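Just so it is clear, none of the values below were taken in a lab; they were calculated from the coordinates. Since the model is a prediction, treat every value here as computed from it, not as a measurement. For neighbour counting, all protein chains shown are included, and Cβ atoms are generated from backbone atoms with ideal geometry for every residue, glycine included.
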Amino acid sequence: MNWKTGLTGMKPYTPGRSIEDVQTLYGLKEVVKLASNENPYGCSPAVKAFLESNTIQHEIYPDGNAGNLRNKLSKKHNVPKEMLLFGNGSDEIIMIISRALLGEGSNTVMPSPSFPQYAHNAKIEGAEIREVPLVNGQHDLNGFMDAMDSNTAVIWLCSPNNPTGNIIPANELKTFLKKIPDDILVVLDEAYYEYVTASDHIDSVTLLNDFANVIVLRTFSKAYGLAAFRVGYAIGNPAIISYLNTVRSPFNNNSFGVAVAERALDDEAFIEKCRELNSEQRNRFKNYAIENGIHMFDSQTNFVLIEVPDDADDAAESLLRHGFIVRSGNVLGTPGYVRVTIGTEAQNSNFFKAFDLLLNSQEIRI
Ligand code: PMP
């Protein structure tokens with residue numbers, strides 16, 4: 001393989017339009033980004049205060065061990081420090097896992113649709129990708145069993161799942177994990193864990209005592225409101241973490257990110273408040289979908305996957321003209337739907353007005 005022949009057929013990640021681009025394109029003063037599931041309430045005031053007064057020494061490399069953050073998370077999750085691995089966002093941890101465990105001759109099993117980085121990294125590593133379609137918006141765990149074989153190295157589960165928002169009920173998850181051979185790594189990506197309000201969802205970290213081949217991914221990018229700082233982490237048994245550490249680059253987290261993540265952990269009340277506000281607003285979306293007779297996947301996250309009357313790209317473009325950036329289902333593997341981050345009360349009220357226009361076809365398409 002060389003740079004001319006390598007990775008044919010692969011596309012780099014294409015980011016959605018930026019707020020500034022849309023402002024310029026449509027001459028809009030206010031544009032709301034509801035495309036990447038960030039926290040519309042920002043971050044904890046404690047983090048903001050820290051950012052204004054911080055004394056980080058920028059000429060010094062970051063602590064490659066993220067020592068203080070490690071201590072705090074070890075206490076929070078009640079796990080030994082050796083069970084934690086930090087990444088430049090959980091994106092990087094997905095890359096590290098793929099690099100460490102996938103390659104030609106191996107295969108990896110994942111839900112579809114789901115977070116595209118699992119398949120993207122598997123492709124880079126040359127592993128075979130086995131996608132198991134959701135059934136009625138739920139993970140088909142029997143389908144996972146059928147897809148696995150002796151060459152399966154990694155299984156990806158995303159709970160709640162992006163882009164559908166569904167969770168894997170706790171009992172189903174445990175029954176499934178009992179059947180998985182312990183040389184297969186099961187990754188439980190829980191980027192949206194903090195938003196879950198359903199009672200049949202457990203803190204998967206508690207499963208780690210029983211299942212040594214499970215690794216849980218969490219992030220500061222979503223409910224903690226720190227997407228710009230790129231801090232994600234994995235919790236897993238020390239042998240797995242130690243192996244993954246061999247692939248990690250020495251200073252993969254920056255000092256600012258680690259420091260703000262530490263401050264954010266001091267304010268769990270902020271997370272609870274965001275969970276509550278998000279859940280109220282999620283209910284508004286549910287009611288809106290019911291009132292208008294449109295399908296929406298049952299979400300436990302801070303986004304919804306909602307049906308649109310026409311082509312998803314056209315719908316996304318129409319919403320864009322009204323100042324809302326959403327993600328078209330055509331790029332998520334869910335044609336006929338758009339994924340919308342749940343905003344604040346005011347943002348959502350305005351969003352529903354823009355969506356009403358779409359539904360009533362008052363919109364003149366370009
Ligand atoms: N997992 C899932 C399911 C996600 O939706 C995302 C972000 N969109 C990530 C992982 C990566 O998040 P980050 O790298 O910001 O931690």
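Taking the Cα centre as origin and putting +1 on Lys and Arg beta-carbons and -1 on Asp and Glu beta-carbons, what dipole magnitude results for the chain, to the nearest 20 debye? Can you show the working numbers first?
On the way: 32 positive and 44 negative charges, 113 e Å.
With only Lys, Arg, Asp and Glu charged at Cβ, the dipole is about 540 debye.
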- Amide H to amide H, which residues 5 or more places from Thr152 or on other chains are under 5 Å from it, using H placed in the peptide plane? Asn107
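Over the range 117-219, what is the relative contact order in percent, taking alpha-carbon pairs closer than 8 angstrom and at least six residues apart?
Relative contact order for the range 117-219 comes out at 24 percent.
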- Message: Treating the range 151-222 as a set of equal point scatterers at the Cα positions, no solvent, please give the Debye-formula log₁₀ I(q)/I(0) at q = 0.12, 0.14, 0.25, 0.26 Å⁻¹.
- Response: -0.30, -0.41, -1.26, -1.34
- Query: Based on the alpha carbon coordinates of the range 79-181, what radius of gyration and maximum Cα-Cα distance (Dmax) apply, in Å?
  - Reply: 13.8, 39
- Quick one: Debye curve from the alpha-carbon atoms of the chain only, equal weights, vacuum; give me log10 I(q)/I(0) at q = 0.06, 0.10, 0.11 Å⁻¹ to two decimals. -0.23, -0.65, -0.80
- Message: How charged is the neighbourhood of Thr341? Take every other residue with its Cβ under 13 Å from the Cβ of Thr341, and add Lys/Arg as +1 and Asp/Glu as -1.
- Response: +4
- Could you check which residue among Asn209, Asn278, Asn161 shows the biggest mean-square fluctuation in a GNM of the chain with a 10 Å Cα cutoff? Asn209
- Task: Would you grab the residues whose amide H sits under 5 Å from the one on Phe324? Only those 5+ places off in sequence or on another chain, please, with H modelled 1.01 Å from N.
- Result: Val32
- Item | Sorted peptide list for 45-55, 333-343, criterion being average Cβ within 10 angstrom, highest first | 333-343, 45-55
- Alpha-carbon Rg with Dmax, taken over the range 266-332, Å: 14.2, 45
- Helix-derived mean residue ellipticity, 222 nm - over the chain, DSSP H n ≥ 4, -39500 (n - 2.57), to 500: -11500 deg cm²/dmol
- Query: Hey, what's the Cα Rg ratio for the range 189-263 versus the globular rule of thumb, 2.2 N^0.38 Å?
  - Reply: 1.21
- Item | 5 angstrom amide H check on Asn162, placed H, neighbours 5+ away | Phe115
- Which shape class applies to the range 98-253: rounded if a/c is under 1.5, otherwise prolate when a/b exceeds b/c and oblate if not, where a ≥ b ≥ c are the square roots of the Cα gyration tensor eigenvalues? rounded
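Peptides 268-277, 109-118: what's the order by average Cβ count within 10 Å, highest mean first? Numbers along the way, then the final one.
Details: 268-277: 15.4, 109-118: 22.1.
The most tightly packed comes first, giving 109-118, 268-277.
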- Message: Could you sort the peptides 16-22, 64-70 by per-residue average Cβ neighbour count (10 Å cutoff), highest mean leading?
- Response: 64-70, 16-22
